[in-house]
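Shown next, in structure tokens, is the structure this report addresses.
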Amino acid sequence: MAEDLKARQRLKRGLDELGWAAERGQIDQLLSLAELLEAWGQRINLTGHQSQAEIVSRLLLEAVALLTAAPAFESLVDLGSGAGFPGLPVAILLPDVQVTLVDSRQRRHHFQRAAIRELGLENVRTELGRVEELAAVEHHAGVAQAMAKPNQVVAWMLPWVRPSGWLLVPGAENPPRIEAKPGIRFETIRRYRLPGNGAARTLWIGQKV
């Protein structure tokens, strides 16, 4: 119970710091996601963050911070989505946005499907397989973090993003170095900080042309 309260307080403080006005039901869903991930993490290794408080700080709030830096989009594909981050928090906070999670590992795929069922998310679908081998479906935006080297990431992402759509590559304090590529126009690099510890982050933004 104390751990649940600590996680809730940390989440609410972080959302306030980011200026994100989440509804109570959305906060409950985010915390349920953290609780579910913690429970699964006791059986199989899905992420290096084990406690609910860690999951809130290092996964949930990181996803929200990224969302505040990103341009608006109508649909999102999360490539190499792992346990479903940032895609699942995005789907919770933006229920009108269709989110697709793509990952090649069975156990992560199973967790994603369980989370979708448990949280009642109707705007999320999952794909199991390698990004470069699946039949790509175009989305308004694509995101991939810590999946591969940045130049490879944008090459894999391109077929999944529709013309005029956004390619989003998160980075640490130093932004990803991405070479100019046909079909992609570099837009900008946005800098932001995580709530709580104030860690610096960057977001490389390109547009498909």
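The values are calculated or read from the model by the stated rules, or taken from the named source; none is laboratory data. If you're wondering where the values come from, they're calculated on a predicted model, not measured in any experiment. Ideal geometry is used to build each Cβ from the backbone, glycine not excepted, and the neighbour counts take in all protein chains shown.
In this structure, is ALA91 free of Cβ contacts under 8 Å to residues at least 40 places away in the same chain and under 11 Å from the mean Cα position of the chain (by Cα)? Lay out the reasoning, then the answer.
Details: free of Cβ contacts under 8 Å to residues at least 40 places away in the same chain: yes; under 11 Å from the mean Cα position of the chain (by Cα): yes.
Against the criterion (free of Cβ contacts under 8 Å to residues at least 40 places away in the same chain and under 11 Å from the mean Cα position of the chain (by Cα)), ALA91 qualifies.
Quick one: how many residues across the range 112-130 are under 16 Å from LEU46 (Cα atoms), buried (at least 17 other Cβ atoms within 10 Å of the Cβ) and in contact (Cβ under 8 Å) with a residue 40 or more places away in the chain?
Number satisfying all stated conditions: 1.
Are any of the residues in the range 7-23 of a type in the set (A, V, I, L, M, F, W, C), under 29 Å from GLY129 (Cα atoms), free of Cβ contacts under 8 Å to residues at least 12 places away in the same chain and out of contact with any helix residue (DSSP H, G or I) (no Cβ under 6 Å at 6 or more places or on another chain)? So that I can check it myself, show each step before the final result.
Here is the first cut: in the range 7-23, the residues of a type in the set (A, V, I, L, M, F, W, C) are 7, 11, 15, 18, 20-22.
Remaining after also requiring under 29 Å from GLY129 (Cα atoms): none.
Checking the range 7-23: not a single residue is of a type in the set (A, V, I, L, M, F, W, C), under 29 Å from GLY129 (Cα atoms), free of Cβ contacts under 8 Å to residues at least 12 places away in the same chain and out of contact with any helix residue (DSSP H, G or I) (no Cβ under 6 Å at 6 or more places or on another chain).
Take the range 23-46 and flag every residue that is in a loop (DSSP other than H, G, I, E, B) and closer than 22 Å to ALA83 by Cα.
Answer for the range 23-46, where residues must be in a loop (DSSP other than H, G, I, E, B) and closer than 22 Å to ALA83 by Cα: GLN42, ARG43, ILE44, ASN45, LEU46.
Of ALA72, ALA63, which residue is at pLDDT 95 or above, small (Gly, Ala, Ser) and surrounded by 20 or more Cβ atoms within 10 Å (Cβ to Cβ)?
On the way: ALA72 fails: surrounded by 20 or more Cβ atoms within 10 Å (Cβ to Cβ).
Matching residue, one of ALA72, ALA63: ALA63.
Quick check on my filter: what residues within the range 132-162 are at pLDDT 95 or above, buried (at least 16 other Cβ atoms within 10 Å of the Cβ) and assigned to a loop (DSSP other than H, G, I, E, B)?
If the condition is that a residue be at pLDDT 95 or above, buried (at least 16 other Cβ atoms within 10 Å of the Cβ) and assigned to a loop (DSSP other than H, G, I, E, B), then ALA136 is the only one that fits.
Go through the range 5-56 and report how many residues are loosely packed, with under 14 Cβ neighbours inside 10 Å, more than 17 Å from the chain's Cα centre (by Cα) and on the phi < 0 side of the Ramachandran plot.
Counting residues in the range 5-56 that are loosely packed, with under 14 Cβ neighbours inside 10 Å, more than 17 Å from the chain's Cα centre (by Cα) and on the phi < 0 side of the Ramachandran plot gives 12.
Just the residues that are surrounded by fewer than 22 Cβ atoms within 10 Å (Cβ to Cβ) and not hydrophobic (A, V, I, L, M, F, W, C), please, taken from the range 75-97.
SER75, GLY80, GLY82, PRO95, ASP96
Can you tell me which residue within the range 178-192, out of those that are among the basic types (Lys, Arg) and modelled with pLDDT of 95 or more, is surrounded by the most Cβ atoms within 10 Å (Cβ to Cβ)?
ARG190
Of a type in the set (A, V, I, L, M), under 30 Å from ARG13 (Cα atoms) and in contact (Cβ under 8 Å) with a residue 24 or more places away in the chain: which single residue out of ALA148, ALA172 fits that description? It would help to see each step written out before you state the result.
On the way: ALA148 fails: under 30 Å from ARG13 (Cα atoms).
So the residue among ALA148, ALA172 that is of a type in the set (A, V, I, L, M), under 30 Å from ARG13 (Cα atoms) and in contact (Cβ under 8 Å) with a residue 24 or more places away in the chain is ALA172.
Scan the range 96-127 residue by residue and report those that are part of a loop (DSSP other than H, G, I, E, B) and either over 13 Å from LEU30 (Cα atoms) or touching a Phe, Trp or Tyr at 6+ places or on another chain (Cβ under 8 Å) (or both). Break it down into steps so the answer makes sense when it comes.
Applying the first criterion (part of a loop (DSSP other than H, G, I, E, B)) to the range 96-127 yields 96-97, 104-105, 120-123.
Scanning the range 96-127 gives ASP96, VAL97, SER104, ARG105, GLU122, ASN123.
Please go through the range 1-30 and give me each residue that is within 15 Å of GLN112 (Cα to Cα) and of a type in the set (A, V, I, L, M, F, W, C), ordered by number. Working first, answer last.
We begin by selecting, within the range 1-30, every residue within 15 Å of GLN112 (Cα to Cα); these are 29-30.
Scanning the range 1-30 gives a single hit, LEU30.
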